[in-house]
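The structure appears right after this line, and notes come after that.
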Amino acid sequence: MPSGDARKEGTPDNPVFLTVPASDFSSLCYFLYNVEQYWTFTKTPGEYYLGLLRLASLYQFPEGIAFAKRRIDTDVHMEPYEKLALGIQHNERKWVETSLDYLFLSGANMRDPSPAEADALAKHLWTIANGRQLMATTTRELISTPPRMLVGSADASDWSHSRCDQHSVCIAGIASQWRQVASKLGASITDRSSFSIQLDLGPALRDFKFKRMDPRCRDALIKELTDRADVFHTRIIAAVADKLLLPVM
C-alpha cells in the first residue's frame with residue numbers, strides 16, 4: 001500500500017526507473033542480500049561478477065568492487081582482449097599486464113581482435129600494437145651480441161655458471177659462431193598477428209650445434225639469454241601497462 005505522498009519517487013504510482021541493465025541490478029541485489037555466498041562455494045556465472053563490478057563502480061561501492069574483482073580473478077574465464085579492456089576501464093594493473101603478456105607472446109595461438117573487442121579497445125590499439133613491435137625489436141637487439149661473459153671479457157674465466165674444463169675454448173667457439181646464432185634466433189621471432197609474435201628462443205638455441213662448446217657452458221648460455229629476454233619482456237609489458245593506465249585528460 002502506498003503511503004505518504006503518492007507523487008514521491010519510489011511509490012507504486014511513481015516508481016524509480018533504473019537506467020542500468022536489469023541483470024546488473026540483480027547482481028547487486030544478490031550481492032547485498034544473499035549472504036550465503038560468503039561461506040559457500042556454489043559456482044556462480046561469471047556475468048554476475050561482471051554485472052556487480054559495473055554497478056558497484058557506477059555507484060562507487062568499494063566493498064562490491066573489491067568482492068567482484070576477487071571473484072573475477074579466481075572464477076571468471078575471459079578472453080585476453082576482453083580482460084585487457086576491463087583492466088583498463090577499472091584500473092586493474094594485474095589484468096592489464098597478464099593480458100598483454102598473453103597477447104604479445106602467444107604467437108600463432110593469438111588471433112586479431114573481433115570487431116566488438118577492437119571497438120572496446122579503440123583508443124588503445126595503437127599503443128598495444130607498438131608495444132608488440134617494441135617487444136620484437138628489443139628481443140632482436142638483445143640477441144644481436146652474445147652475453148658478456150662469453151666473449152673473452154676480463155671476468156669470463158671466472159664465470160661461475162659454467163665451471164667447464166677449458167672455458168677459453170667455449171669463448172672462442174661462441175665468438176666464431178655468434179653471427180650464425182643471432183641470425184637463427186632472429187628468424188625465430190616472427191609476427192603472427194597485429195598484436196602477437198612467435199618467440200622460440202629456447203628451442204632455437206637448443207637446436208643449434210655449438211661446436212667445441214662444453215655442454216655446461218651451452219646450458220648456461222641458454223639460461224642467460226632466456227633470463228635476459230624475460231627481464232626485458234617484463235619491463236616492456238610494465239611500460240605499456242603504464243601508458244594504457246594513464247588517466248584520460
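No lab work stands behind these numbers, since they all come straight from the coordinates. Values in this document were obtained by computation on a predicted structure and should not be read as measured data. Cβ coordinates were reconstructed from backbone atoms using ideal geometry, including for glycine residues, and neighbour counts include every protein chain displayed.
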- Under a plain spin-label model, where a point goes 7 Å from the Cα along Cα-to-Cβ, how far apart in nm are Leu245 and Glu47? 3.0 nm
- Query: Which net charge results for the neighbourhood of Ala182, defined as the other residues with beta-carbon distances under 11 angstrom from its beta-carbon, given Lys and Arg at +1 and Asp and Glu at -1?
  - Reply: +2
- Taking the Cβ of Asp73 as the center, what net charge do the other residues with Cβ under 14 Å away carry, scoring Lys and Arg +1 and Asp and Glu -1? +3
- Extended-chain gain in nm, criterion 0.36 nm per residue less alpha-carbon gap, Ala118 and Ser168: 12.7 nm
- Query: So how far apart, in nm, are the two label points at Thr19 and Ala129 if each is 7 Å from Cα heading toward Cβ?
  - Reply: 3.5 nm
